[in-house]
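Undergrad: Structure in structure tokens, see below.
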Amino acid sequence: MPDFAERQTEPVRLPDLPAHRSAEPAETDMVVGMARVDRTGRVRERSVFDALGWRPAQRLRLEIRGEVIVLVADPAGRHRVDKRGAVTLPAAARQMCGIERGPALVLTGIRCNQTLLVHTAEILTRLLADFHHEILGGSR
């Protein structure tokens, strides 16, 4: 039987690895939360709304961008934060964006321009799948 203790081998040199890149978000002014639409079409995520400085009676402009509802603080806006601190998402906007009662929504607030993006968690899942596919070198 060979004596492994006597064997002297050269250590194997590992390949150089790329330098670690910080995972800093592109937009450091963001806050993210999750919520569900209630039976009347309202949505509320207190930490996100608070971070945006939105209080009851805050007027908002609503836009649809692809599959995302975008709400922006606007004194001339037609929508508003209600007395409970929630925002009603119109049925037509929800339908256009595939937002239904039940599944969780992702709410992304951008403080610097008091903007809220509302979208399904499915969109986030697709984005993460693409990101992970890239990181893993094409394997899923």
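The values are calculated or read from the model by the stated rules, or taken from the named source; none is laboratory data. It should be emphasised that the depicted structure is a prediction, and the values quoted were computed from it without experimental measurement. Counting neighbours? That spans all protein chains shown, and the Cβs are built from the backbone with ideal geometry, glycine included. The accessibility values were calculated without ligands, DNA or RNA, using every heavy atom of the protein model including side chains. Shrake-Rupley method; radii C 1.70, N 1.55, O 1.52, S 1.80 Å.
Undergrad: Cβ-Cβ distance below 6 Å, separation of 6 or more or different chains: which pairs start in the stretch 34-47 with a residue that is hydroxyl-bearing (Ser, Thr, Tyr) and end on one that is part of a strand (DSSP E or B)?
TA: Ser47/Gly33
Undergrad: Would you check if Gly102 is at pLDDT below 95, open to solvent by less than 50 Å² (accessible area, probe 1.4 Å) and within 17 Å of Arg36 (Cα to Cα)?
TA: Against the criterion (at pLDDT below 95, open to solvent by less than 50 Å² (accessible area, probe 1.4 Å) and within 17 Å of Arg36 (Cα to Cα)), Gly102 qualifies.
Undergrad: Condition first: at pLDDT 95 or above, under 14 Å from Gly41 (Cα atoms), out of contact with any helix residue (DSSP H, G or I) (no Cβ under 7 Å at 6 or more places or on another chain) and among the hydrophobic types (A, V, I, L, M, F, W, C). Can you find one or more residues in the stretch 111-119 that meet it?
TA: yes
Undergrad: Another question about this same structure. Search the stretch 76-99 for residues being closer than 12 Å to Leu60 by Cβ and touching a Pro at 6+ places or on another chain (Cβ under 7 Å), and hand back the single one that is most open to solvent (accessible area, probe 1.4 Å).
TA: So the residue we want is Asp82.
Undergrad: Also, quick follow-up: Give me the pairs, please: first residue somewhere in the stretch 109-122 and loosely packed, with under 15 Cβ neighbours inside 10 Å, second residue anywhere and of a type in the set (Gly, Ala, Ser) and in a loop (DSSP other than H, G, I, E, B), beta-carbon distance under 8 Å, and either six or more positions apart or on two chains.
TA: As it stands, the answer is Ala121/Ala104; Glu122/Gly98, since those pairs meet every condition given.
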